[in-house]
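Okay, so here's the structure we're looking at.
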Amino acid sequence: MSAADRARSAATGLDRSRVALYLVLLAMVAFYLAPLESGLMTAFKTPEGFRTTTPFALPPIGEFTVSAWGMAFERLSSGLLNSAMMAVPATVLSALFGSLAAYGLTNLSWRGQIGVLMLFVAGVFIPYQAVLVPLTQFWSFVDLGGRIPLAFVDEYQGLINLGITHVAYGIPICTVLFRSYYATIDEDMLEAARLDGASAATIYRRIVLPLSVPIFAVTLIYQFTQIWNDLLFAIVLVSDPSNQVVTVALNQLQGSFVQQFNLQMAGAFVAALPTLVVYVLFGEQFAKGVAGET
Amino acid sequence: MSSGIFAALIRDTGGSVRSDGPDVDSDAAGDEASDAEPRVRTDGGTVVDGAGERSGSADAEPSLRSRFRRSRFLESIPFWGPPGVLVLFFVYGAIGWNFVISLTGWEGLGSPDYSSLSTEMYTQLLADSSFHAAFQNTLVLLFAFTVLSLVVGLLLAILVDQKIRLENTFRTIYLLPMSLSFVVTAIFWSWMYNPSNGLINELLRAIGLDALTQAWLSDPQFKLAAIIFALMWQFSGYCMVVYLAGLRAIPESQYEAARIDGASTTRLYWRVIIPQLRASTMSAAVVLVVFALKAFDFLFVLFGVNPGQSADILSVMMYRVAFDRVQWAYGSAVAMVLFAMALGVIGPYLYLQYRRGEL
């Protein structure tokens, strides 16, 4: 075998292994997308359609319908609105608190801060079950609506309680995300500002905050997804049906239309739409938020 | 661009903010390190901590520095104080409160009676056969789910790390399930597992394996396995992200050295690369285990409060006991067991991280 032949056979061997590699990668794509694709196809089928065709197949002519989407949207629209009203402020607040805490525990160094930091970090891993009973006790005792005579507070008491709870339990992960970023800020630069007489608050506002845009993006996206997706706190803390968030509404939709899979699938997509859009637009930031949890 | 940025661990990604090279990471990563060698140097030079302390307070410099330090502590309070109070109250206060509630016999309407406390609930737990079943299922779930997700995530990471085209797209798709609510994924998977029309059984029939079709979610034999598989689908992308960061931190030269030695690809990964991913494995495993402990939403959407003995886990049992049967104290006791299990995992992990200066 000549050198050229050897090179060629090595090349085809290489090609073959590359082809195999891509085939495996594509098979995994199919694996990860199959539940979504089947759901999407099913959502466009009539009951007759999804009973007689394979889930991933396109709806046959005559069995195509968008009625499930209309009904799902109608059922979930108030939940979508409630989720948005609660999740957006809660996300911003927990990110802001996380940023402040990380700055105070990273860039302003003092003895013993590692101990305080530990308490924050450990909070990331707390099983929420361990706080559920006290939380219900606490919020029924606080009774915001009864104490604050504002129509707004009274109307949205459940959502306000839920939002504050999410802020509190979101602070640990936000602090961890911001800390790993703030640890990379050049100390000499902050030190120079300090020698110029800038206070800690000024340095935060003028230097640290403007540098934090990328990590704010990561934290906001990650935290928004977490809060939007939560079910446990919502079912425990919100009893008023008019304050129901979308995950709870979707769970009820699923429970009350047992055999209507097209409606269930459409509902799942409607409820997931905001997080899907955020994920498609900011997948990179989401990935960093996810990785930061470690 | 993103593949380059994505390559490194998150704290390495802020290239634009730091001025001086990669060594900042090792310095700034741990406070243990910064205690020994302060990152902030008042005079711009290297001040050795120990030397100042040895020379005593007669020396003006250390007292100035310690005063400086103390003032930084006061200065820092407004920043971490308010969030710290929230965390202290909602996390630690609530857990303490939960423990006290678990010592009362509180159930039904009304308020807990804090005047007579006993470990009655824990004695009951030990004798409760449904607790035994849930405890056992929880262990099976957390072990099988963690191992399975890690293995699949590692394989994905290695595949994605082969300098492939469209790497971003592949990665984005693999991580996609992680961005979805468990309510959403549970609905998808209940359709996937549907005995008559679901995709799993349809595929099995299509390739002539009719004998293998099952009522996945109602047969006690397969329930837990079906849950574990679906959760693996949702979390393996996360493991891939963690492993990929670990892989990208290994210098290229090691791959080349192994190739020159004539090592096969399998051997290269098994002997050289995978052993270096121990830190990634550990941190991903901690997150997975803790998640498995608190996994609730997914099972609740599929089964409500009664998954049946073959799939009952502690987090669902806690909810059922406390919020369905209103046996608050008993539910709190189950929650304490969950908390203790989580602590058993994260305690050593955080201690290790602290010791390695990676907190």
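Restricting B:186, B:230, B:215 to residues that are of a type in the set (A, V, I, L, M, F, W, C), in a loop (DSSP other than H, G, I, E, B) and under 25 Å from residue B:136 (Cβ atoms) narrows the list to B:215. With respect to residue A:249, is the statement that it is away from chain B (no Cβ under 11 Å), assigned to a helix (DSSP H, G or I) and within 22 Å of residue A:273 (Cβ to Cβ) true? Against the criterion (away from chain B (no Cβ under 11 Å), assigned to a helix (DSSP H, G or I) and within 22 Å of residue A:273 (Cβ to Cβ)), residue A:249 does not qualify. Scanning segment A:92-133 for residues that are more than 7 Å from chain B (Cβ to nearest Cβ), under 16 Å from residue A:166 (Cα atoms) and free of Cβ contacts under 8 Å to residues at least 60 places away in the same chain gives a single hit, A:96.
Among the residues of segment A:18-48, the one identified as more than 8 Å from chain B (Cβ to nearest Cβ) and among the aromatic types (Phe, Trp, Tyr) is A:44.
Which of the residues that make up segment B:143-178 are within 12 Å of chain A (Cβ to nearest Cβ) and either touching a Lys or Arg at 6+ places or on another chain (Cβ under 7 Å) or of a type in the set (Ser, Thr, Tyr) (or both)? Talk me through it step by step, then tell me what you get.
Taking segment B:143-178 as the starting set, the residues that turn out to be within 12 Å of chain A (Cβ to nearest Cβ) are B:152-153, B:155-178.
Residues satisfying the conditions are B:160, B:169, B:172, B:174.
In the set (1) more than 7 Å from chain B (Cβ to nearest Cβ); (2) over 30 Å from residue B:197 (Cα atoms), the condition left unmet by residue A:284 is number (1).
Residue-by-condition table, conditions (1) over 19 Å from residue B:313 (Cβ atoms); (2) assigned by TED's automatic domain parsing to the domain that holds residue B:285; (3) β-branched (Val, Ile, Thr):
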position	(1), (2), (3)
B:80	yes, no, no
B:91	yes, no, yes
B:114	yes, no, no
B:132	no, yes, no
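Could you tell me which residue of segment B:320-338 is surrounded by the fewest Cβ atoms within 10 Å (Cβ to Cβ), considering only residues that are farther than 15 Å from residue B:103 by Cα and facing chain A (nearest Cβ under 7 Å)? Top of the filtered list is B:323. Residues that are in contact with a helix residue (DSSP H, G or I) (Cβ under 6 Å, 6 or more places away or on another chain) and away from chain A (no Cβ under 12 Å) were ranked within segment B:76-120; the one that is farthest from residue A:127 (Cα to Cα) is B:117.
Within segment B:273-292, residues that are over 20 Å from residue B:227 (Cα atoms) and at the interface with another protein chain (Cβ under 10 Å from one of its Cβ atoms) sit with their Cβ atoms under 9 Å from residues that are of a type in the set (Gly, Ala, Ser) and in a helix (DSSP H, G or I), at 6+ positions apart or across chains, in these pairs: B:279/B:246; B:280/B:157; B:280/B:245; B:280/B:246.
Restricting the search to helices (runs of 4 or more DSSP H) fully inside segment A:138-183 and requiring at least 3 residues that are buried (at least 24 other Cβ atoms within 10 Å of the Cβ) and in contact with a Gly (Cβ under 8 Å, 6 or more places away or on another chain) gives A:157-182. In segment A:256-274, the qualifying residues are those that are in a helix (DSSP H, G or I) and more than 14 Å from residue A:76 (Cβ to Cβ), and the one that is farthest from the other protein chains (Cβ to nearest Cβ) is A:262.
Suppose the filter is within 12 Å of another protein chain (Cβ to nearest Cβ), over 22 Å from residue B:351 (Cα atoms) and either among the β-branched types (Val, Ile, Thr) or in contact (Cβ under 8 Å) with a residue 60 or more places away in the chain (or both); does residue A:175 pass it? Step through it out loud before you land on a result.
Values: within 12 Å of another protein chain (Cβ to nearest Cβ): yes; over 22 Å from residue B:351 (Cα atoms): no; either among the β-branched types (Val, Ile, Thr) or in contact (Cβ under 8 Å) with a residue 60 or more places away in the chain (or both): yes.
So residue A:175 fails the test.
One line per residue, one yes/no per condition, for (1) over 24 Å from residue A:39 (Cα atoms); (2) surrounded by fewer than 23 Cβ atoms within 10 Å (Cβ to Cβ); (3) free of Cβ contacts under 8 Å to residues at least 12 places away in the same chain:
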{"site": "A:186", "(1), (2), (3)": "yes, yes, yes"}
{"site": "A:202", "(1), (2), (3)": "yes, yes, yes"}
{"site": "A:206", "(1), (2), (3)": "yes, yes, no"}
{"site": "A:215", "(1), (2), (3)": "yes, no, no"}
{"site": "A:218", "(1), (2), (3)": "yes, no, no"}
{"site": "A:222", "(1), (2), (3)": "yes, no, no"}
{"site": "A:230", "(1), (2), (3)": "no, no, no"}
{"site": "A:251", "(1), (2), (3)": "no, no, no"}
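The set of residues in segment A:32-53 that are polar (S, T, N, Q) and either within 25 Å of the chain's Cα centre (by Cα) or crowded, with 16+ Cβ neighbours inside 10 Å (or both) comprises A:38, A:42, A:46, A:53.
Answer yes or no: is there a residue in segment B:128-136 that is among the aliphatic types (A, V, I, L, M), in a helix (DSSP H, G or I) and either in contact (Cβ under 8 Å) with a residue 40 or more places away in the chain or under 27 Å from residue B:299 (Cβ atoms) (or both). So far as segment B:128-136 goes, yes, one or more of its residues are among the aliphatic types (A, V, I, L, M), in a helix (DSSP H, G or I) and either in contact (Cβ under 8 Å) with a residue 40 or more places away in the chain or under 27 Å from residue B:299 (Cβ atoms) (or both). Looking only at residues that are among the small types (Gly, Ala, Ser) and surrounded by fewer than 21 Cβ atoms within 10 Å (Cβ to Cβ) in segment B:206-253, which one is farthest from residue B:309 (Cα to Cα)? My answer is B:253.
I need the full set of residues from segment B:255-303 which are small (Gly, Ala, Ser) and outside any helix (DSSP H, G or I), in order please.
Correct list: B:262, B:263, B:264, B:295.
The values are calculated or read from the model by the stated rules, or taken from the named source; none is laboratory data. Keep in mind that this is a model prediction, so the values were computed, not measured. Cβ coordinates were reconstructed from backbone atoms using ideal geometry, including for glycine residues, and neighbour counts include every protein chain displayed.
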